[in-house]
Amino acid sequence: MASLSTTFVASQTFLGSTAGRRLSVLRPKATFSTSIRAVSGGIACTRNGRTRFMVPAASRHLIGSVTKTEGLRFAVVVARFNEIVTRLLLEGALETFTRYSVKEEDVDVVWVPGSFEIPLVAQQLGNSGRYNAILCIGAVVRGETTHYDAVANSSASGVLSASLNSGVPCILGILTCEDMDQALNRAGGKSGNKGAEAALTAIEMASLFEHHLKG
């Protein structure tokens, strides 16, 4: 919402007299424009070209911590299809869990035939109540299947549905690539390891739910 305002103050400027009465006029003391808009986490107020960001005193910022991992349990659902890629993604994920002090016994790995089968298993694991987050790992490569778009779209939307239906964070770690070289580059090559990145997201989301959003 924006507002435009002008402030006036009475002036004692003497213009003359009419029938013995003094005349005075109102002159503007200051003219300014102010715009106020809501932004993430607060309010941005712009006055005469200068912007100030104001955070309401009562606001709280809830953030998941990647260092508070004690007691958190994770499941990793991995597709066997394109296993040369998914195993590298899994290795990256497990190394990340270890690096952030998640105990080995607190991580269960479940293998499924392909990425299309991941969402159903993820939802079942979420409904079990045993896990704080579910990591979903797969690799869909366009050159490997004629129904690439169907599998890519269905697996991604399915993981989202599993998360919403179970109330447990289900993290998308399914690669959708044009060719095998691109997939390998994202599984520990020059583009990093997306499995490791997804594991870090799983830790943060698990911590957020456990420490801040628990009912």
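Let's see how each residue does on (1) of a type in the set (Lys, Arg); (2) modelled with pLDDT of 90 or more; (3) surrounded by fewer than 20 Cβ atoms within 10 Å (Cβ to Cβ):
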{"residue": "Gly49", "(1), (2), (3)": "no, no, yes"}
{"residue": "Val55", "(1), (2), (3)": "no, no, yes"}
{"residue": "Ala58", "(1), (2), (3)": "no, no, yes"}
{"residue": "Lys68", "(1), (2), (3)": "yes, no, yes"}
{"residue": "Arg73", "(1), (2), (3)": "yes, yes, yes"}
{"residue": "Ala79", "(1), (2), (3)": "no, yes, no"}
{"residue": "Asn82", "(1), (2), (3)": "no, yes, no"}
{"residue": "Thr86", "(1), (2), (3)": "no, yes, no"}
{"residue": "Thr98", "(1), (2), (3)": "no, yes, yes"}
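For segment 136-161, a residue qualifies if it is under 16 Å from Ala183 (Cβ atoms), hydroxyl-bearing (Ser, Thr, Tyr) and out of contact with any helix residue (DSSP H, G or I) (no Cβ under 6 Å at 6 or more places or on another chain), and exactly one does: Thr145. Residues in segment 111-133 that are over 20 Å from Leu213 (Cα atoms) and out of contact with any strand residue (DSSP E or B) (no Cβ under 9 Å at 6 or more places or on another chain): Gln124 only. Of all the numbered requirements in (1) modelled with pLDDT of 70 or more; (2) over 30 Å from Ala187 (Cβ atoms), Gly41 misses one, and that requirement is (1).
Looking at Glu95, Glu117, which is the one that is out of contact with any Asp or Glu (no Cβ under 6 Å at 6 or more places or on another chain) and more than 20 Å from Val159 (Cα to Cα)? Steps first, please.
Values: Glu117 fails: more than 20 Å from Val159 (Cα to Cα).
When all the criteria are applied, what remains is Glu95.
The values are calculated or read from the model by the stated rules, or taken from the named source; none is laboratory data. Here the structure is a predicted model, which means the values were calculated and not measured. Neighbour counts run over all protein chains shown; Cβ positions are idealised from the backbone, glycine included.
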